[in-house]
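Peer 1: Take this structure, written in structure tokens, and hold onto it; I'll ask about it next.
The values are calculated or read from the model by the stated rules, or taken from the named source; none is laboratory data. Everything quoted here is computed from the prediction, not taken from an experiment. Please note: Cβ atoms are built from the backbone with ideal geometry, for glycine as well, and neighbour counts cover all protein chains shown. Only protein heavy atoms, including side chains, enter the accessible area calculation; ligands, DNA and RNA are left aside. Shrake-Rupley method; radii C 1.70, N 1.55, O 1.52, S 1.80 Å.
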Amino acid sequence: MPSTRATPRQVELGVLLRRIRKRAGLTQPQVAELVNRSHSHISRRERGELGFEEQAELERTLTVTGATSEETSQALRLFRDGTDPNWLIPGIARDLAVVAEYESVANDIFAYQPSLIPGPLQIRDYTRVMMVDGDMPETELDSKLELRMARRKRYLDGSTRFETVIGEQAIRYPACPPDVAVRQLRDLCEVAELPHISIQLLPFRLGYHPAREGGFVVIRSDSATVVHVEQYRSSTTLTNNRDVKDYVEAAERIRRDAMGAVASVRAIAKIADELERTG
């Protein structure tokens, strides 16, 4: 039986197959006819919800859609490792495509970020400062920035419930110049008024707390709950039940220990006022 669990590698394989199909100018029904499968089969495979039972069937799909030798090697590697529930990916860009697939079917998303504004809530200038200071090549800057802003728009314009807890450090000691920080914090206060978005602030505290271990995102859908952990130059997507359970419990504790939503917005606005006065 092909896997029906959307593991990270299976999701990336689906992203790759969709990209190859679209480049070939083929529709899902056309590919389904060429490989003698139903339209729903092809659709579910491109969403990472259904795996391939046999490598030969994947190879046939790659052939009829005109995959290159490099794409074929990548697809076969993803197929062979497709059932691994956790995945460490070197390089953030590839994993963002996988995470976007999980986000697109999510019912609710929780994000904790201790020292930076969560990606979907960053304004353009804040993101640009992060990219420039992170030595992103000038040739990639504009395209990567547009991708980030498109993701922000999906979060703000959509209806998926998004709850985030931001560490006090990210607000009091922003990773950008004061004028950008003021605009970013004002924007957070405005975004918090959206009915599907909740923003909480986690104050500095002494002693151990799971919040000290770093940021993470919990993405829930009807079919699965996954966890995304982003590091400096790599990221990890977790679907293993035990690992996910630990992060879900940590999220509950962080949410519980954070300031309430109304008090958080007031605190963020106050810090913005202070930054504006002191420059």
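Peer 1: Glu33 label point, 7 Å along Cα→Cβ, cut-off 19 Å on backbone N: hits in region 39-54?
Peer 2: 39-44
Peer 1: While we're on this one: Based only on Cα atoms, what Rg/Rh ratio does region 18-73 have, Rh being taken as Kirkwood's radius?
Peer 2: 0.92
Peer 1: Per residue, how much accessible surface does the chain expose to a 1.4 Å probe? Answer in Å², no decimals. If you can, show how the numbers build up before the last one.
Peer 2: On the way: 14370 Å² over 279 residues.
It amounts to 52 Å² per residue over the chain.
Peer 1: Mind putting together the pair-distance distribution for region 200-279? All Cα pairs, 10 Å bins, whole percent per bin, short to long.
Peer 2: 15, 35, 32, 14, 3
Peer 1: Moving on. Distance from the Cα centre of region 36-66 to that of region 173-244, in angstrom?
Peer 2: After rounding, the separation between the Cα centres reads 35 Å.
Peer 1: Modelling each spin label as a point 7 Å along the Cα-to-Cβ direction, I'd like the Asp179/Phe204 distance in nm, to one decimal.
Peer 2: 2.8 nm
Peer 1: Restricting everything to alpha-carbon atoms, can you work out Rg to Rh for region 234-279 with a Kirkwood hydrodynamic radius? Present the calculation step by step, with values, prior to reporting the outcome.
Peer 2: Working: Rg = 16.9 Å, Rh = 13.5 Å.
Dividing the radius of gyration by the Kirkwood radius yields 1.25.
Peer 1: Still on this structure: How much of the DSSP bridge set in the chain is antiparallel, in percent, rounded to the nearest 5? Provide the component values of the computation, followed by the final result.
Peer 2: Details: 19 of 31 bridges.
Beta bridges within the chain, antiparallel portion: roughly 60 percent.
Peer 1: How high is the FRET efficiency from Cys189 to Ala56, r the C-beta distance, R0 51 Å, rounded to 0.05? All intermediate terms of the calculation are to be shown ahead of the outcome.
Peer 2: Details: r = 56 Å, r/R0 = 1.10.
For Cys189 and Ala56, the calculated efficiency is 0.35.
Peer 1: Also, I was wondering about something else. Kindly report, to the nearest 10 Å², the accessible surface of Ser159 as traced by a 1.4 Å probe over protein heavy atoms only.
Peer 2: My reading of the accessible area for Ser159 is about 110 Å².
Peer 1: Oh, and also: Can you order the peptides 63-70, 167-174, 192-199 by their average number of other Cβ atoms within 10 Å per residue, highest first? Don't skip to the answer; put the middle values down first.
Peer 2: Values: 63-70: 14.1, 167-174: 18.4, 192-199: 15.6.
So the order, starting with the most tightly packed, is 167-174, 192-199, 63-70.
Peer 1: Let me ask you something else. Computed from these coordinates, which is volume of the Cα convex hull per residue in Å³: (1) 194; (2) 129; (3) 137?
Peer 2: (3)
Peer 1: Can you compute the modelled spin-label distance between Ala263 and Tyr232, with each label point 7 Å from Cα toward Cβ, in nm?
Peer 2: Output for this residue pair reads 3.5 nm.
Peer 1: Let me check something: with ligands and nucleic acids excluded, how do Arg220, Arg9 order by accessible area (1.4 Å probe), largest to smallest? Display every interim value, and only then the final one.
Peer 2: Numbers: Arg220 75, Arg9 35 Å².
Solvent-accessible surface, decreasing: Arg220, Arg9.
Peer 1: Against the longest principal axis of the chain, how steep is helix 124-133, in degrees 0 to 90 to the nearest 10, with axes from Cα atoms?
Peer 2: Relative to the chain, helix 124-133 is tipped by roughly 80 degrees.
Peer 1: In Å, the Kirkwood hydrodynamic radius of region 112-244 over pairs of distinct alpha carbons? Write out the running numbers ahead of the final one.
Peer 2: Values: mean 1/r = 0.0622 Å⁻¹.
Across region 112-244, the inverse of the average 1/r is 16.1 Å.
Peer 1: Sticking with this one: Would you mind computing, in nm to one decimal, how far apart the modelled labels at Gln169 and Arg256 are, each placed 7 Å from Cα along Cα→Cβ?
Peer 2: Distance between label points: 2.4 nm.
Peer 1: If the cut-off is 29 Å between C-alpha atoms, which lysines fall inside it for Lys144, apart from same-chain ones fewer than 8 positions away?
Peer 2: Lys22, Lys153
Peer 1: With every protein chain left in place and a probe of 1.4 Å, what is the accessible surface of Arg37, to the nearest 10 Å²?
Peer 2: 90 Å²
Peer 1: Related question: Just read off the accessible area of Arg253 with the full protein assembly in place, 1.4 Å probe, to the nearest 10 Å².
Peer 2: So the heavy atoms of Arg253 present about 90 Å² to solvent.
Peer 1: Suppose the chain between Asn241 and His41 were pulled fully straight at 0.36 nm per residue; how much longer would it get relative to their current alpha carbon spacing? Present the calculation step by step, with values, prior to reporting the outcome.
Peer 2: Numbers: separation 200, 0.36 × 200 = 72.00 nm, distance 2.59 nm.
That pair, Asn241 and His41, stretches by 69.4 nm at full extension.
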